[in-house]
1. Figure the gain on full extension for GLN262 and GLU301 (residue separation times 0.36 nm, minus the Cα-Cα span) and round it to one decimal in nm.
2. Classify the range 8-303 as rounded, prolate or oblate from the Cα gyration tensor: take a ≥ b ≥ c as the square roots of its eigenvalues, call it rounded if a/c is under 1.5, otherwise prolate when a/b beats b/c and oblate if not.
3. Counting only pairs 8 or more places apart or on different chains, how many lysine pairs in the range 187-282 have C-alpha atoms closer than 18 Å?
4. Would you list which aspartates and glutamates come within 15 Å of LYS293, measuring only between C-alpha atoms, while excluding same-chain residues fewer than 8 positions from it?
5. Taking only C-alpha pairs under 8 Å that are 6+ residues apart, what is the relative contact order of the chain in percent?
6. Shape call for the range 176-233 from the C-alpha gyration tensor, a ≥ b ≥ c root eigenvalues: rounded (a/c under 1.5), prolate (a/b greater than b/c) or oblate?
7. Can you tell me what percent of all Cα-Cα pairs in the range 40-160 are more than 23 Å apart?
8. For the pair LYS51/LYS143, report the inter-label distance in nm, with labels modelled 7 Å from Cα in the Cβ direction.
Amino acid sequence: MKNQNSWLHIVDCKPSIMTRAVNKFKIGIDLNKYKSMRVFSNALLLVRNQKGLLFNEEWVSGVRCYRVRPKGSSSRKVIFYIHGGGFVLGSGAYCIKCANLIARKTGFMTVAVDYRLAPEHPFPAALEDAYCAYLGLLKSGMKPPGIVLFGDSAGGGLCMSLLMKLKDEKVPLPCAAVMLSPAVNFTETGETHITKADKDPIFTKSLIGVRDLYAPGADYKNPYLSPVYGDFTGLPRMLIVAGENEVLLSDSLMAGKKAYSQGVNVSVYVWKEMFHVFPILGSSLPEGKAAMKQIADFIKEQLRP
């Protein structure tokens, strides 16, 4: 169903049994307990290679990255992936798992950035790593028309921040960006930070404390922290996907509205009854599969010859 705003689309899907279970029982990730969660996630995500995918760990301009390439795919087209995790989580294993999923679903080579995490490495370390890795891709011969940015949650916010930094530094921009539930407003003025706090099955209210781990004492209206306060003029094609039942929904809506108002070709899809980053966290669910197909089709359209 299309909203009266041409950039905003509401996907009215009937939630599956598993989706209803997630919404009912709640996972409740507490990012303030990042130390114990790092240990848990590292132990849980030990899978690297998957059949039909070529894997390589490498350093790009001093930043560790993971390259996953479907056999037979082009070496001149790439998805530049920036992982989520509230800026404090996201092991190499998580990078690899997500890169595997994206490469398998889209058919394109995916380079995942294993950026430095807060609080050990606060803002702007993560953005600097993403920036250096992107420059490294260009130095290796990759052409901007063959690059699509892809990020989820914190990684989605970093994608948008990276676009603004690239523009400011007059670095050639990628052809498009895909952002799932991006965190793009550290002032937390969006109404869904409050109205969805009890409905969001993924995050607890502790999400509010994450900014103090990532950017203590910073100006939260800095566009490299909160891209919604930046200038979107001249940025490339954007696809933003979010769930109706998530605290960061306002971030997606604010970013889409601002981008559209400044001339960006942007589409925001809000899936009813869905949760944070559901195309990845719920990739085995019918809704997650459908959303990933939509994303893959979008990327193929941007990277077609």
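1. Numbers: separation 39, 0.36 × 39 = 14.04 nm, distance 2.30 nm.
Contour length minus Cα-Cα distance gives 11.7 nm.
2. rounded
3. On the way: LYS196/LYS205; LYS196/LYS272; LYS199/LYS272; LYS221/LYS257; LYS221/LYS258.
Final tally of qualifying lysine pairs is 5.
4. Within reach: GLU301.
5. Details: 657 pairs, mean separation 63.8, N = 305.
Relative contact order for the chain comes out at 21 percent.
6. Values: a/c = 1.96, a/b = 1.29, b/c = 1.51.
The shape class here is oblate.
7. On the way: 1632 of 7260 pairs.
Value for the range 40-160 (Cα pairs over 23 Å): 22 percent.
8. 3.6 nm
Each value in this text was obtained by applying a stated rule to the coordinates, not by laboratory testing. Keep in mind it's a predicted model, so treat the numbers as computed, not measured. Ideal geometry is used to build each Cβ from the backbone, glycine not excepted, and the neighbour counts take in all protein chains shown.
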